[in-house]
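Here is the structure we will look at.
The values are calculated or read from the model by the stated rules, or taken from the named source; none is laboratory data. Please read all numbers here as calculations on a predicted model, not as lab measurements. All Cβ positions, even for glycine, are placed from backbone atoms using ideal geometry, and neighbour counts span all protein chains on display.
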Amino acid sequence: MVEAFLRAYRALVIHRPAMALGLVVLITVGMAIGLPNFKLDASADALTLEADRDLDFARKISQRYQSGDLLVVTYSPKGDLFSEPALKKLASLRDALKTIEGVSNAASILDVPLLYSPQQSLGQIRQGIRTIENSDVDLLAAKKEFFESPIYQDLLLGPDGKTTAIALSLAVDNHAIELVRARDALRYKRQQEGALSEDESQQLERISAEYLEYRTKADARAHERVNKVREVISAYKGEAEIFVGGVTMITADMISYIRSDLAIFGTAIVLFIIALLAVIFRQVRFVVLPLSISVLSVTIMLGLLSWLDWRLTVISTNFVALLLIVTLAITIHLVVRYREYHAENPDWSKEELVMATASFMFKPCLYTSLTTIVAFMSLVVSGIRPVIDFGWMMTIGLCVSFALVFVVLPAGLMLLPKGDSKDKGDRSGAFTLIFSRFTERFGGLVLVLSLVAAVVSALGISKLQVDNRFIDYFRSETEIHQGMKVIDQNLGGTIPLDIILDAEKTTSQLAANDAFVSDEEDPFAEADPFDSPDPFEAPEPLAEEDPFAEDDPFSEHYEEGKPRDTYWFTSAGLSQLESLHDYLRSLPEVGRVDSLATAYKVARDINGGSINDFELAVMRQSLPEDINRFLINPYWSPEFNQARVVLRVRETSDELKRLELIQKIRAHMTNELKFSDEQVHFTGGLLLYNNMLESLFRSQILTLGAVFIAIMIMFMLLFRSVLLAIIGIIPNILAACVVLGVMGLIGISLDMMTITIAAITVGIGVDDTIHYIHRFRREYAQSGDYLAAMHKSHDSIGRAMYYTSVIITLGFSVLALSKFIPSIYFGLLTGLAMLAAILGALTLLPRLIILLKPFPQPTLENSSGQADVQQNKVLDSVTR
């Protein structure tokens with residue numbers, strides 16, 4: 001079978017190189033045609049599993065309270081903010097921003113009602129809302145209100161009195177939410193039941209396609225909206241310091257930075273590779289051919305992803321650089337072996353050289369590709385969609401790269417003149433031999449240093465964290481970093497966290513609930529597994545909790561014979577909310593807090609003291625709609641008897657630990673404020689991001705475990721020796737531990753990009769291990785001397801390992817120039833990982849081989865002289 005394969009390979013690639021290359025070009029062009037459809041994705045969908053319950057709940061709450069994302073424009077005039085010219089400019093900016101498509105409201109100090117300058121009675125409030133734009137308003141009194149009022153404190157005016165904000169409310173996309181919840185409900189049912197009916201499968205396919213198309217257009221509109229906001233504010237930057245912030249802008253800028261990195265640093269890495277290949281090989285053919293193979297593999301893969309509409313995410317975007325490098329590494333191993341053959345056998349024909357190289361390198365390259373594929377395939381157990389996608393993309397890409405290397409390089413060499421060998425002038429072997437001599441003389445020291453590295457790495461790994469801050473993703477000089485800092489420190493925080501509170505249930509409420517809550521609210525309710533059971537669709541409290549409930553004609557939800565929904569608008573409920581509100585305000589990580597407690601404080605001020613439940617009910621119905629829309633509606637759902645507390649977290653706080661903060665708040669609520677666990681639910685951007693980080697940490701453990709197990713199995717199959725498999729895996733485990741340990745020691749957290757570094761380290765590092773052991777075994781079979789085999793291996797395959805490691809390390813280091821901090825960490829840490837891997841392969845690996853002597857003693861027939869004769873016979877049969 002092997003001989004049949006070699007004959008077919010020689011006939012298709014060696015004897016017909018032009019046809020082989022033509023076919024590759026034709027495939028590449030076909031794939032490249034789809035490149036205009038290539039897309040990046042930074043949506044919540046791209047960072048979660050299918051049918052994520054927390055994300056579904058966040059969407060449901062957003063829809064229930066009609067609470068969309070915010071874009072915050074900070075405004076710091078050069079003069080007095082409360083001067084007439086500055087306020088006119090602010091009004092002009094606000095009016096311009098209001099006209100932008102998708103902006104449902106623009107709130108600023110100019111628009112919000114003034115209730116304390118002077119303090120208004122309920123009758124005065126009902127007569128009309130006063131704002132700072134009223135001619136009779138005392139600006140100094142208004143300024144004091146913005147500083148001290150429970151409504152506006154830390155909301156619209158910074159503590160310096162010079163910075164204000166225009167909060168642009170973005171309309172909730174109800175159609176998108178309905179589509180995605182319908183899709184996820186069907187996905188969840190498929191996941192739970194194993195299969196869908198034919199009609200359900202068709203429905204899922206239709207809804208998924210519709211949602212993807214709709215989301216693509218919505219993402220484009222969101223990106224254009226951010227650009228339009230920046231375009232509007234650019235006209236005002238001469239008179240004020242202005243920044244833009246908000247989750248929508250973070251997403252838009254992340255995509256922009258990633259797209260920029262793909263274009264700029266992809267090009268930079270290619271140019272860097274050209275320079276290194278020119279220095280290493282000093283022959284044009286060995287610059288053009290390896291580079292062409294790498295570029296072809298990336299082009300084919302990007303084209304394939306484009307045709308399939310398979311989108312790169314923040315995590316999988318690194319696949320491009322990785323594929324370039326891994327493809328180049330395989331190619332360099334073949335080039336080095338070809339040059340060795342050419343130098344040792346100058347009389348061989350071109351066909352003999354090419355076939356000898358391909359036949360000699362096919363097996364080790366196949367094994368290294370398979371083990372690397374296994375390493376990346378292990379990512380599919382991570383449980384996180386972009387990590388899973390990344391694993392599949394690299395798996396397919398490696399298959400494409402392997403095929404291209406063994407087609408394009410041999411075919412290209414067959415079309416080019418044989419030329420002279422320049423391998424004799426390559427002195428890189430002298431450098432790699434330094435490591436073999438060091439290992440021979442200081443073998444014990446190599447083991448000791450490796451043990452020390454393992455211990456220190458274990459210490460660093462114990463310090464690893466998954467908590468990090470959005471603001472740390474961007475360089476300090478970037479607009480997004482500066483804007484987030486201003487909002488965070490002056491305007492109440494950046495990242496939202498919602499606490500959803502249900503009223504306590506009783507037996508009578510549970511009985512009444514079925515008659516009260518209708519599935520008509522959700523057109524997908526019957527197919528939605530998230531609604532069965534749904535702790536968020538809570539029933540109303542008992543009427544007796546509010547002595548005025550049965551007599552409250554003001555309730556818009558009152559119907560005879562139905563349970564009341566007013567618990568959170570009673571003095572008991574509001575006092576409970578106020579205690580929570582005040583506790584949250586006391587936390588150093590928390591900035592602005594909004595809830596019904598704010599309205600309760602205002603109500604007491606208007607009433608001149610305490611206020612009973614009846615007065616609260618009357619006041620609620622007496623307030624103008626503008627006040628209700630601002631103070632009441634976003635924080636209370638009478639239909640579901642639910643209260644909502646919205647807090648914003650300060651990203652710049654050194655004390656911020658997301659998971660610890662959530663746990664601390666929950667513990668205080670249940671232990672001190674006596675909320676039950678069933679009443680309390682968290683959602684919002686902070687929770688979703690924390691969930692992703694926690695999932696990443698768990699996936700790191702799963703993927704690393706899967707990688708090591710899979711590689712061990714591959715090594716045992718490859719080397720047919722448990723001892724050799726253990727020897728081969730140890731340097732790779734150490735390299736992965738070193739990079740994770742360094743991250744822990746210097747305080748770099750695991751995040752959505754650095755999470756895959758350990759698996760990448762093992763995936764690429766095993767290539768060197770396999771090549772080295774494969775070559776060492778051959779050299780030992782010829783010489784029967786472990787030390788001689790080590791030096792010979794370092795002088796031959798060691799050079800290819802050295803070349804590839806230098807290119808990988810320095811190539812990824814180019815990412816240090818990125819504006820996106822995770823990309824910088826990924827580049828530098830990947831370079832460090834490759835450095836650790838090559839040092840382990842050139843020192844620890846040979847030392848373990850020499851110490852444990854895993855190879856059988858060679859027979860006389862396999863001695864040096866006989867082996868050369870046998871090799872020539874093999875080459876004669878291959879090239880015949």
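Structure summary
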{"quantity": "Some residue of the range 673-692 being farther than 17 Å from Asp498 by Cβ, under 25 Å from the mean Cα position of the chain (by Cα) and hydroxyl-bearing (Ser, Thr, Tyr)", "calculated": "no"}
{"quantity": "Set Met714, Met752: member being of a type outside the set (Lys, Arg), at pLDDT below 85 and under 30 Å from Asn468 (Cα atoms)", "calculated": "Met752"}
{"quantity": "Some residue of the range 596-605 being part of a helix (DSSP H, G or I) and among the polar types (S, T, N, Q)", "calculated": "yes"}
{"quantity": "Which listed residue, of Leu49, Leu114, Leu93, is modelled with pLDDT of 90 or more and either assigned to a loop (DSSP other than H, G, I, E, B) or surrounded by 20 or more Cβ atoms within 10 Å (Cβ to Cβ) (or both)", "calculated": "Leu93"}
{"quantity": "Per-region count, the range 290-330, residues closer than 30 Å to Ala209 by Cα and among the β-branched types (Val, Ile, Thr)", "calculated": "8"}
{"quantity": "Options Tyr75, Tyr65: the member that is closer than 30 Å to Phe640 by Cβ, crowded, with 18+ Cβ neighbours inside 10 Å, of a type outside the set (A, V, I, L, M, F, W, C) and modelled with pLDDT of 85 or more", "calculated": "Tyr65"}
{"quantity": "Conditions (1) β-branched (Val, Ile, Thr); (2) assigned to a helix (DSSP H, G or I); (3) crowded, with 20+ Cβ neighbours inside 10 Å: number failed by Ile461", "calculated": "(3)"}
{"quantity": "In the range 236-254, residue surrounded by the fewest Cβ atoms within 10 Å (Cβ to Cβ) [restricted to those that are farther than 15 Å from Thr478 by Cα and touching a residue at least 24 places away in the same chain (Cβ under 8 Å)]", "calculated": "Glu239"}
{"quantity": "Flag if Ser610 is within 24 Å of Gln489 (Cβ to Cβ), surrounded by fewer than 22 Cβ atoms within 10 Å (Cβ to Cβ) and free of Cβ contacts under 8 Å to residues at least 40 places away in the same chain", "calculated": "no"}
{"quantity": "Selection from the range 796-833 of residues that are polar (S, T, N, Q), closer than 19 Å to Ile255 by Cα and surrounded by 23 or more Cβ atoms within 10 Å (Cβ to Cβ)", "calculated": "Ser823"}
{"quantity": "Qualifying residue in the range 705-715 (condition: under 23 Å from the mean Cα position of the chain (by Cα) and surrounded by fewer than 19 Cβ atoms within 10 Å (Cβ to Cβ))", "calculated": "yes"}
{"quantity": "Pick from the range 96-111, criterion part of a loop (DSSP other than H, G, I, E, B) and β-branched (Val, Ile, Thr), ranking: surrounded by the fewest Cβ atoms within 10 Å (Cβ to Cβ)", "calculated": "Thr99"}
{"quantity": "Residue in the range 375-388 that is touching a Ser or Thr at 6+ places or on another chain (Cβ under 7 Å) and either farther than 30 Å from Leu696 by Cβ or outside the structural domain of Leu271 (by TED's automatic domain parsing) (or both) present", "calculated": "no"}
{"quantity": "Failed criterion for Ser695 (all others in (1) crowded, with 20+ Cβ neighbours inside 10 Å; (2) at pLDDT 85 or above; (3) not hydrophobic (A, V, I, L, M, F, W, C) hold)", "calculated": "(2)"}
{"quantity": "Residue in the range 767-790 that is of a type in the set (S, T, N, Q), under 27 Å from Gly460 (Cβ atoms) and either surrounded by fewer than 24 Cβ atoms within 10 Å (Cβ to Cβ) or in contact with a Phe, Trp or Tyr (Cβ under 9 Å, 6 or more places away or on another chain) (or both) present", "calculated": "yes"}
{"quantity": "Qualifying residues in the range 642-664 (those that are of a type outside the set (Asp, Glu) and in a loop (DSSP other than H, G, I, E, B)) - the one surrounded by the fewest Cβ atoms within 10 Å (Cβ to Cβ)", "calculated": "Lys657"}
{"quantity": "Ala86 within 30 Å of Glu224 (Cα to Cα) and either not assigned by TED's automatic domain parsing to the domain that holds Gly609 or not in a helix (DSSP H, G or I) (or both)", "calculated": "yes"}
{"quantity": "Residue in the range 638-646 that is under 29 Å from the mean Cα position of the chain (by Cα), touching a residue at least 60 places away in the same chain (Cβ under 8 Å) and under 30 Å from Ile748 (Cβ atoms) present", "calculated": "no"}
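Residue-by-condition table, conditions (1) part of a loop (DSSP other than H, G, I, E, B); (2) over 27 Å from Arg648 (Cα atoms); (3) of a type in the set (S, T, N, Q); (4) assigned by TED's automatic domain parsing to the domain that holds Asp582:
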residue: Gly123; (1), (2), (3), (4): no, yes, no, no
residue: Ile129; (1), (2), (3), (4): yes, yes, no, no
residue: Glu133; (1), (2), (3), (4): yes, yes, no, no
residue: Phe146; (1), (2), (3), (4): no, no, no, no
residue: Ala185; (1), (2), (3), (4): no, yes, no, no
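The rows are residues; the columns are (1) modelled with pLDDT under 50; (2) aliphatic (A, V, I, L, M).
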| position | (1), (2) |
| --- | --- |
| Glu540 | yes, no |
| Tyr567 | no, no |
| Ala572 | no, yes |
| Arg585 | no, no |
| Ser595 | no, no |
| Gly608 | no, no |
| Asn612 | no, no |
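So that you can scan it fast, the table gives a plain yes or no per residue for (1) under 29 Å from Ile300 (Cβ atoms); (2) modelled with pLDDT of 80 or more:
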| site | (1), (2) |
| --- | --- |
| Ile384 | yes, no |
| Asp389 | yes, yes |
| Met393 | yes, yes |
| Val400 | yes, yes |
| Val405 | yes, yes |
| Leu409 | yes, yes |
| Asp423 | no, no |
| Ile434 | no, yes |
